[in-house]
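Report on the following structure.
The values are calculated or read from the model by the stated rules, or taken from the named source; none is laboratory data. Keep in mind that what you see is a predicted model, and the values were worked out from it rather than measured. Note: ideal-geometry Cβ built from the backbone for every residue, glycine included; neighbour counts use all protein chains shown. For the accessible areas, the whole protein counts, side chains as well, though only heavy atoms, and no ligand, DNA or RNA atoms are used. Shrake-Rupley method; radii C 1.70, N 1.55, O 1.52, S 1.80 Å.
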Amino acid sequence: MGSDAPLPKWASQPCIMGIDEAGRGPVLGPMVYGCLYCARSYQKTLSSLNFADSKTLKEEKREELFENLKADDSIGWDVDVIDPKELSAKMLKKNKINLNEISHDSAIGLINRVLNKGVLLTEVYLDTVGDPEKYRTKLSQRFPAIKFVVAKKADSLYPVVSGASIVAKVTRDRALREWLLDETADNTHRNFGSGYPGDPETKAWLEHHKHLIFGFPSLVRFSWGTCTPYLKDMVEVLWESDKMDEEGSGSSHGKRQLKLSNVGFTPSKRKSEEIESSGKGRCKFFQARKLEQVVHF
């Protein structure tokens, strides 16, 4: 995605870049990080293009401005779309990655991507995630040749960040409109509102689409606290596992059951984790299909 045209001549001049996100708070859909970059000499012209914080603009205006910047040969842009399943998986894995770290990694990824294209980045402006000074220091240590400006409400202070916010917001809106639901139940519909936890339409959609065994459709960030109240009525899933290996277990032990709750995630019981990771007591379902836990690739 992004401006994949051959590198323009202006990219070899000192350039500035803005980075912003869309969809950090919603319980539905992807989080999108967007960037916009141009020659530093184009900064004054950029200020005249009527970019503004995307949250203050109507959808029609955002779409218009996005098409305008795409057609502008003096502007480059790119996006990083983070799938809701990826967000939840990272936040629920054993070594958890919180949303701030995910956001930082996405921004760093965009900077690397633009640098690898051959763009001479000298200044990068970002809306802060967490403490502004700590974030700036982290970025400066990673990219010492670049000057970083990290500020709250940067999307309303710097046109280059305003443009990035439009890139991110329009990309996310289009992704939601065109989202292909993996689930094919007859009663599945797309009237999910804004996707924000406080939206009554979103709440109604979550209530309607929760499944007592399988949880939520893949559009949902099931790691969000918003989902917790809906989980209390769901069925606890029990996986029947084979008896322990002969070493350390006798036939009198019979069969055990490993509990998986909260929509398929094991409880935080070290014993169950050790048994599963060692291969002992692995369920016949996995053994029959010769499925094993992969530690190293």
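Comparison of ALA39, ALA71 shows that the only residue that is of a type in the set (A, V, I, L, M) and open to solvent by 70 Å² or more (accessible area, probe 1.4 Å) is ALA71.
Listed by position, the helices (runs of 4 or more DSSP H) contained in the range 1-104 that have at least 3 residues being within 19 Å of VAL161 (Cβ to Cβ) are 43-47, 59-71. Of all the listed residues (LEU65, LEU126, LEU69, LEU120), the sole one being of a type in the set (A, V, I, L, M), touching a Cys at 6+ places or on another chain (Cβ under 7 Å) and within 27 Å of LEU7 (Cα to Cα) is LEU120. For the range 54-66, state whether one or more residues are small (Gly, Ala, Ser) and open to solvent by less than 30 Å² (accessible area, probe 1.4 Å). Yes; the residues of the range 54-66 include at least one that is small (Gly, Ala, Ser) and open to solvent by less than 30 Å² (accessible area, probe 1.4 Å). Entry remark, the range 120-170: residues being in contact (Cβ under 8 Å) with a residue 60 or more places away in the chain, open to solvent by 20 Å² or more (accessible area, probe 1.4 Å) and not acidic (Asp, Glu) number 8 in total.
Which of the residues spanning the range 195-241 are in a helix (DSSP H, G or I) and surrounded by fewer than 11 Cβ atoms within 10 Å (Cβ to Cβ)? The answer is PRO200, GLU207, GLY225.
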